[in-house]
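Asks: One structure, pasted below without further comment.
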Amino acid sequence: MSKSSWLALIPVGMGLFMVLLDVSVLNVALPSIAQDFKAKMSDVQWILNSYTLTMVVLLVLAGRIGDMVRRDRYFMAGMALFTVSSFLCAQSWSIGSLIIFRVLQAVGGAMLSGNTLAMIADLFPPGRRGAAMGLNSILIASSFTLGPIIGGWLTTHLSWHWVFYLNVPVGIASFLLSYLLLPPLEAKERVPVDYIGAILLAIALGSLTLGIINGQDWGWKDEKTIASFVVGIFYLVAFSLREISYEYPLLDLSLFKIRNFTTGILAVSILFFGISSSLFIIPYFLQGIKSLSAADSGYWMVVLPLMNTFFSPLAGRLSDRMNPKYLMIAGPILFTFGMFNLSRIHEGITYWEFFAKLMPMGIGMGILMSPSFNVIMASIPPEKVGMANGTIRSVNTLSQAMGVAVGGVLLTNRMKDWLGNYGNQIPDPGTMNLLKIFSIMGNPAPLIGMVEGFMDSMHYLFSVMMWLPVLSMLVVLLFLSGEEHLRRMRYMSVRKNLPKEGIES
């Protein structure tokens, strides 16, 4: 490992952060977009859903292609596509055109995020990847919380178009830095692309994601929701049979026989499920109940990336030197403690009280995720790193979508116990301002009902979802082999220092 490896990591990190940020930064701009285009709620939802669906469908394929081509040039091509499509999104003249350009943007995003971990594996040898994996964790955590701050400021002081324009200079800079700093990352293997497998997987993941995203609006017992899940499962089985029998599979299912690979993916995906099912509701508490601006609510959540920035590189580096199992157990325990704290917050909580209660979650994310990514990528053959990268990102994206859906169901069902005529309303700033007007006019009941109902439902949501990190911890405790990871690190370190003729013999 050399300084050039860390320099090469700069454009890789910029690309990943830009893709991840694009989801959270857009959320606060959606009301302005809807107003400009006079769009319906279903249209606005598809601005987000089209991006998520396309990413989930393409991530495994994008990672697999990365194993077959020069990964540095492939990354640059994805960066160029993402940058151009971001500019087109800003230039959209209708909701339809914006949705189309978002799909194009997601294609570039899949090429970028589906290869980031693989590029880290190419740039850093086993035993030296921990700190670099920590950077990956920092970018993931930061994108959750910095997005609302950046998106809120841009939308308030400029316009929603700048949420997309922002990607253009960053994308150009990352493209140029990639050209200057990335070494040639040659193809790991050259085999035919399994296009039939790609189509089967696209239908399967697309149907499952569609059912997860729209299930709450359609109804979980609605025939469209049930059909989405049935089609998804059917094509997932068909894809599995195809991959088992095909000579050049898109996804080598034998990877899941590798103990640490499967355990790591399962532990991280459970935590991602818990994160997305709970954190999506915090901005509504901050902006609706506490009446903070979009930008200020982001500052209230800055503790997450702040703690992650400190602990992720440390945990990643330690995972190369000590049994990573201990870190991967401690992380979910701290995350559970943080969610327990949030299940008891009140409307009058101060900034520093909130900071302290949220802090264990930020530390827990850093302590689990960077060692997990390190263990996962170290456990697989080098020629499969792109395939593994795409699989990890696809599973995590599905977990996030499912977490938001399940969290929303738990919240709204609880709200119905408080508000008899509840119609899936949430305490967004517009709704709360309207209820405050009613209160001033002499009818405070709707405002009181909304506040008390939401607070109780939010506490309930956190008290239920806090058990997911516990499950993640049990998966690691029971199935992860930390000793195997350390043995592999020692072996690769010795092998790296042997003369070439010694290795060949």
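Asks: Return the sequence-ordered ³J(HN,Hα) values of the stretch 361-376 in whole Hz as given by the Karplus equation 6.51 cos²θ - 1.76 cosθ + 1.60 applied to θ = phi - 60°, using x for Gly and Pro.
Replies: 5, x, 5, x, 4, x, 6, 8, 5, 5, x, 5, 4, 5, 5, 4
Asks: I've got another one for you. In nm, to one decimal, how far is the residue 196 label point from the residue 322 one, both placed 7 Å along Cα→Cβ?
Replies: Taking the two extended label points, one gets 5.1 nm.
Asks: Tell me the relative contact order for the stretch 194-249 as a rounded percent, counting alpha carbon contacts under 8 Å between residues six or more apart. Working shown, then result.
Replies: Values: 50 pairs, mean separation 25.6, N = 56.
Dividing the mean separation by the residue count of the stretch 194-249 yields 46 percent.
Asks: Taking the number of other C-beta atoms within 10 Å as the exposure measure, put 225, 336 in order starting with the fewest.
Replies: 225, 336
Asks: Please tell me the relative contact order of the stretch 230-303 in percent, rounded to the nearest whole number, where contacts are Cα pairs under 8 Å and at least six residues apart. Intermediate values should be presented prior to the final figure.
Replies: Working: 20 pairs, mean separation 8.8, N = 74.
Taking the mean separation of contacting Cα pairs over the length of the stretch 230-303, I get 12 percent.
Asks: How many nm separate the modelled label positions at residue 179 and residue 456, each set 7 Å beyond the Cα in the direction of the Cβ?
Replies: Result for the modelled spin labels: 6.2 nm.
Asks: A follow-up question, please. Can you sort 161, 459 from fewest to most other Cβ atoms within 10 Å of each residue's own Cβ?
Replies: 459, 161
Asks: Follow-up question, since we're still on this one. Based on the alpha-carbon set only, what is the convex hull volume of the stretch 194-249 divided per residue, in Å³?
Replies: On the way: hull volume 3.0 nm³, N = 56.
Per-residue hull volume (Cα only) is 53 Å³.
Asks: By per-residue mean of other Cβ atoms within 10 Å, what is the highest-first order of 317-325, 207-215?
Replies: Going from most to least packed, we get 207-215, 317-325.
Asks: In addition: Ranked highest first by average number of other Cβ atoms within 10 Å, how do 338-349, 59-70 line up?
Replies: Listed from highest to lowest mean packing, they are 59-70, 338-349.
Asks: Dividing the convex hull volume of the Cα atoms of the chain by its residue count, what figure in Å³ per residue is obtained?
Replies: Convex hull volume per residue, Cα atoms: 145 Å³.
Asks: Let me ask another. Suppose R0 equals 56 Å. What FRET efficiency, 1/(1 + (r/R0)^6) with r the Cβ-Cβ distance, do residue 418 and residue 70 give to the nearest 0.05?
Replies: Computed FRET efficiency for residue 418 and residue 70 comes out at 0.45.
Asks: Please rank 299, 351, 74, fewest neighbouring Cβ atoms within 10 Å first, as an exposure proxy.
Replies: Details: 299 16, 351 12, 74 23.
Lowest count first: 351, 299, 74.
Asks: From Cα pairs below 8 angstrom and at least 6 apart in sequence, can you work out the relative contact order of the chain, rounded to a whole percent?
Replies: 23
Asks: Give me the number: length gained by fully extending residue 256 to residue 351, i.e. 0.36 nm times residue separation minus the C-alpha to C-alpha distance, one decimal in nm.
Replies: 29.8 nm
Asks: I need the phi-derived Karplus couplings for the stretch 469-485: 6.51 cos²θ - 1.76 cosθ + 1.60, θ = phi - 60°, integer Hz, Gly and Pro marked x.
Replies: Rounded to whole hertz, the list is x, 4, 4, 4, 5, 5, 4, 5, 4, 7, 10, 6, 10, x, 5, 4, 4.
Only the coordinates and a few stated rules stand behind these numbers; no lab work does. These numbers come from a predicted model, not from an experiment. Note that each Cβ is placed from the backbone with ideal geometry, even for glycine, and that neighbours are counted across all protein chains shown.
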